[in-house]
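Please treat every number below as a calculation from the coordinates, not as lab data. Being a predicted model, the structure only gives us computed values, none of them experimental. Here the Cβ positions follow ideal geometry from the backbone for every residue, glycine too, while neighbour counts run over all protein chains shown.
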Amino acid sequence: MNTQVIDLNRLAQRRVALVGNPNCGKSSLFNRLTGSQQKVANYAGVTVELKRGRMKTAQGKSITLLDLPGTYSLNPGAEDEAVACQVIRGESLQEPAPDLVVAVLDATRLRRSLRLLSSLRRLGLPLVVVLNRVDSAKSNGLHVDVKRLEQVLGLPLVATVAVQAQGADPLRSVLDNPLVWAAPASPPGDTNDDVQALSWMLAAGLEQDEPVDGWSQKFDSVLLHPVWGSLILVSLLFLIFQAVFAGAQAPMDAVKAGVAGLAELLAQSLPEGLLKSLLIDGVLAGVGSVLVFLPQILILFFFILVLEESGYLPRAALLLDRMMGSIGLSGRSFIPLLSSFACAIPGIMATRSIPDQRDRWVTIMIAPLMTCSARLPVYALLIGAFIPAMDVGPGLQLQGLVLFALYMLGIVAAIAVATVIRLCRGAGPVAQLMMELPDYHWPRPADVALGLWQRAHIFLRNVGGIILALTVVLWFLSSFPAAPAGFAGAPIEYSLAGRMGKVLAVVFEPIGFNWQIAVALIPGLAAREVAVSALGTVYALSNTTDAVGAALGPIIAAEWSLATGLSLLVWYVFAPQCMATLATVRRELGVWRAPALMAVYLFGMAYAASWLTYRAVLHWST
Amino acid sequence: MPWFDIVAVTVILAWACAFLWRRWGARKAHADHCGHCNNANCGK
């Protein structure tokens, strides 16, 4: 075995890179070793950029661990693979070459993992091999003799099950001992990686290429069927949106009661004055209005996480590949678009896995039309206020149906925009979808719970941070200058925010928005859900009640017409009310023209669609 | 108007403005959002 001596005292500066095929468990191993909580899921292409973390070896030495996007070879096809290859080859401008490469092999996909290992050996970097998912391979009938494979490869090898922490401690010990890190001699330059991989497998007594998961094949025969599979996909989505309304009422009532109780307590214990107004009309009315939607967000993400963990999502991409092809996109666009249902920003970043730049550009342009979770509080508020909670069929709630329709409207709009772009720019060649389908497995409750906790943490951090801060500023702008004695109307109308709202209302009057909505849309540009807290604050300062945080829905139902409510719903389907998304588009595409075009077309569509909705409902209701 | 009201409201307002200013700076620095920061140990 070829070994290389490395000064232990310099370990603190050492960088160790995790390299492997997509979906082989690198990020799970990274999380396990560094204690961080990077996003992991049961499909390829989740990690699209370099992640850094610090880990301790068994002897307590500090090492910088790099989690690289998955790649099948050192000849990159897409931008995420290029990131990995540049770092490994030492060609990255941001990251020096790693001191050690930990090649993560997937025991259930050994041949293609060994192909990459063969390429890595040629670089001459010190190598340690991790054989991950040995449990899945064993349960599928493939027994790997770890000792024999280690001898055949001539490299230190650790067997792991990253999701269960198995093998993490032996790996820490190996990282502690640079004497066993092997810098392999370069094999002959014309060695075919596949031939090398096969010869390693045969030498290790592994004649079976990949284990066959019978259950996955049986499920796929139904779930990938063009007719049954599509029906099951639509039914699943439909059921999820029904559950968002049907299952959230009790916890939402509990949060509302908590907010109302706190407002009551403050109202009784604080003297009349600025502080009381700030805490009740500003903070509680604003933040409380958003907080009540946490249960619905968690229910939605529970289902998304379960589908992610089970391995179903890439099947959905495959099902939609034909439809995507008809609008000039490949199924590769599906995962970024799916990520956009959580938040457009990771969705836009995930487009780095799309090799065709034209496809990538179109996918980025339509990503904000996917309904992100920040829209859910706005939708839930308006649906709760204007759509009656009635059954329209056995087990079918009208409110859930409307929510489903709003999500579908975003998808249909995205298809329409992609089609228009294809017609304008000409149809490019449609890339064939090559996607690895992971085996199905039961979602691990601990992973689902962690995913929900992360989602709740992000939401609560936003509520306690940006939403609270903007609410405080909006309260100030809505309270000053104070109205003089004898002022006719609510004091907020005299304030700076009230005056700004009345100016903006001229622009929004044709689509039915009043000045209160116009005021809420401005801070709502920072994040969509801020509009709900802003409406809470504005109406708290416009009314005498102290319980707006818990009762914003009934107040807007009484003050707005149905046409206005539906017009605002449609506005939120299209409007790019998120500056962070536009900034990310600028960062990803490198030109301001792209976010400018996106803002213009989305605001244009929002205004046109809201105008049509407002006029149609007015016409229908008179 | 009680002095305590003025002090408390001023402090809260100053915090809100400082928060928004810092956040704007952080966004310009590395556009982190929804926990998507390059550095896994930065705590964001």
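Ranked for footprinting exposure by Cβ neighbours inside 10 Å, fewest first, A:466, A:335 give A:466, A:335.
Proximity of backbone amide H atoms, modeled 1.01 Å from N, is registered between residue A:105 and A:130, A:131, A:132 at under 5 Å, excluding neighbours fewer than 5 places apart on the same chain. Considering only beta bridges that DSSP places wholly inside the protein assembly as shown, some 35 percent are antiparallel.
Pairs spanning more than 25 Å between alpha-carbon atoms, out of A:256/A:276; A:61/A:147; A:26/A:56: A:61/A:147.
Test of understanding: what is the full-extension gain from residue A:218 to residue A:146, defined as 0.36 nm times their sequence separation minus their Cα-Cα distance? Display every interim value, and only then the final one.
Values: separation 72, 0.36 × 72 = 25.92 nm, distance 3.05 nm.
Length gained, residue A:218 through residue A:146: 22.9 nm.
Under the Kirkwood approximation applied to all pairs of distinct alpha-carbon atoms, what is the hydrodynamic radius of the protein assembly as shown in Å? Evaluated on the protein assembly as shown, it is 27.2 Å.
The mean number of partner chain beta-carbon atoms within 10 angstrom of a residue's beta-carbon across peptide A:464-471 is 3.
The phi torsions of the stretch A:570-579, fed into the Karplus equation with coefficients 6.51, -1.76 and 1.60 and a -60° offset, translate into couplings of 5, 3, 6, 5, 10, 5, x, 7, 7, 5 Hz, rounded to whole numbers, with Gly and Pro shown as x. Listed by Cβ neighbour count within 10 Å, with the fewest neighbours leading, A:470, A:477 appear as A:477, A:470. Under a Cβ-Cβ cut-off of 11 Å, what is the net charge of the residues other than residue A:34 that fall near it, where Lys and Arg count +1 and Asp and Glu count -1? Around residue A:34, the charge tally is +4. Across q = 0.11, 0.12, 0.15, 0.21 Å⁻¹, the stretch A:396-533 modelled as identical point scatterers on its alpha-carbon atoms has Debye log10 I(q)/I(0) values of -0.78, -0.87, -1.06, -1.22, in the order of the q list.
Place a label point 7 angstrom from the Cα of residue A:173 along the Cα-to-Cβ direction, then list the residues of the stretch A:49-71 whose backbone nitrogen is under 18 Å away. A:56-61, by backbone N distance to the label point. Annotation for residue A:225 and residue A:506: the two label points, set 7 Å from Cα along the Cα-Cβ direction, are 6.2 nm apart.
What residue among A:382, A:22, A:206 has its Cα farthest toward the positive end of the dipole of the protein assembly as shown, where the charges are +1 on Lys, Arg and -1 on Asp, Glu, each on the Cβ? So the residue we want is A:22.
In square nanometres, what is the average projected area of the Cα convex hull of the stretch A:8-203?
Details: hull surface 41.4 nm².
Hull-based average projected area comes out at 10.3 nm².
To make sure I understand, if each residue's beta carbon is the centre and we count other beta carbons within 10 Å, what order do B:10, A:108, A:47 fall in, fewest to most? Present the calculation step by step, with values, prior to reporting the outcome.
Values: B:10 11, A:108 23, A:47 26.
Ranked by crowding around the Cβ, least crowded first: B:10, A:108, A:47.
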